[in-house]
Amino acid sequence: MAFRDFYALDPGEKNWSVPQDFDVTFNWDYDDGRAAMMGLYAKGKEMQWDAATRIDWDQELDEENPEQMPEESLPIHMAPCYLKMSAKEKGAVRKNFQAWQLSQFMQGEQGALICAAKIVTQVPDVDSKFYAATQTIDEARHVEAYKRLLTKFGVVYPMTKPLQDLIEQTLRDSRWDMTYLGMQVVIEGLALASFGQIRDHAQNPLCAQVNAYVMQDESRHVAFGRLALRDYYPQLTQKERDEREEFLVEASYLMRDRFDAVELWQNLGLPIEECATAMYESGFMEKFRNSLFTRILPIVKDIGLWGEYVQKGYTEMGVIDYAKADVQALQDEDENIARQFDARQKDIERVISRAQAAE
Ligand SMILES: [Fe+2]
Ligand SMILES: [Fe+2]
């Protein structure tokens, strides 16, 4: 079966082309680069992994709740239309919601793959080019891992319009730092918040594991954005920084409000108003928003985009306090959790091989 046959909605033409207008930049100095950036590059090379061997793809998924997520993770679990469904119908909604969400991860990872490659060509510093090259292969692996997982689901959705808009805006901008800001700070922050929910709540080991491994890489990607931008933004004028702050606030509203899965509810034939109300009131969505801003705000502050405009914007959104979150602690935790999944898998393999030997 071709992957395209899994699409529950027509994704349209095979290719989506975004016109580009920016300089591709060489650098003849080959300087050693910043120690922190070269350290990150060394780590990026050292921590490569293979989705084909690190993960046991034979692990099974539950038909009616593939990720084995708690019921409250479904944002419409309290909607009247959902409550009156049969167990089988509820199972179909759950499976489609999870597939829709994972599809956004897979499609977004392709966006990350292309943005990382754009950074390689566009960024003026050699050390950043080196690091971005390791990120490019990371992102390819992420697309591969989610594609494999979705193949097991047998259901896929196209990229949702708000995500497509955000990626398009990021790609069309000819200023190199905007690719970082859009992808490494905003979209990666969104991704970390979403992956984290599955990693931390899915009882299905395969689904939790895929997200844990992807997150282990993503935390390096966010660190990369921080390093590159922290050096660059102080060199800009206040007016130039203001433009970036406006973009950030606008993108933050978009992420908070527009990932509403409308096309999914429509495809399932559910009443939109009931779904919208249920989503708005869902405690899980609330947690998601908290985690989203915990991932983004400290970075925004750290890279020096902390002028009046941004502070006012985040105060109005009621999220300004998340700037105090400890990103380093979060990144260390992302790495530790991935290692725990490795340990779990090794232990299972050890028990199996001992059992085989005993036979
Ligand atoms: Fe990624
Ligand atoms: Fe990434």
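None of the figures in this text is laboratory data; all of them are computed from the coordinates on show. As the structure is a prediction and not an experimental result, all values here were calculated from the model. Here Cβ is always computed from backbone atoms with ideal geometry, including for glycine, and neighbour counts include all displayed protein chains.
General observations
- Comparing L206, L330, L227 in a Gaussian network model of the chain (Cα springs below 10 Å), the most mobile by mean-square fluctuation is L330.
- Magnitude of the charge dipole, the chain, Cβ model with Lys/Arg +1 and Asp/Glu -1, debye to 20: 360 debye
- The smallest convex shape that holds all Cα atoms of the chain, its convex hull, gives 155 Å³ per residue.
- Only helical runs count toward this figure. For the chain, summing -39,500 (n - 2.57) over DSSP H runs of n ≥ 4 and dividing by all residues gives -22000 deg cm²/dmol at 222 nm.
- Positive-end residue, the chain charge dipole about Cα centroid, Cβ charges, pick of A343, V210, V185: A343
- Per-residue Cβ neighbour counts within 10 Å put D231, D177 in the sequence D231, D177, beginning with the fewest.
- Within a Gaussian network of the chain (alpha carbon springs, distance under 10 Å), most fluctuating of T237, T277, T179: T237
- Order of S128, S86, S291 under a 10 Å beta carbon neighbour criterion, fewest first: S86, S291, S128
- Positive-end extreme of charge dipole, the chain - chosen from A357, V123, T237 (charges on Cβ): A357
- Among L268, L305, a tally of other beta-carbon atoms within 10 Å of each Cβ gives an order, fewest to most, of L268, L305.
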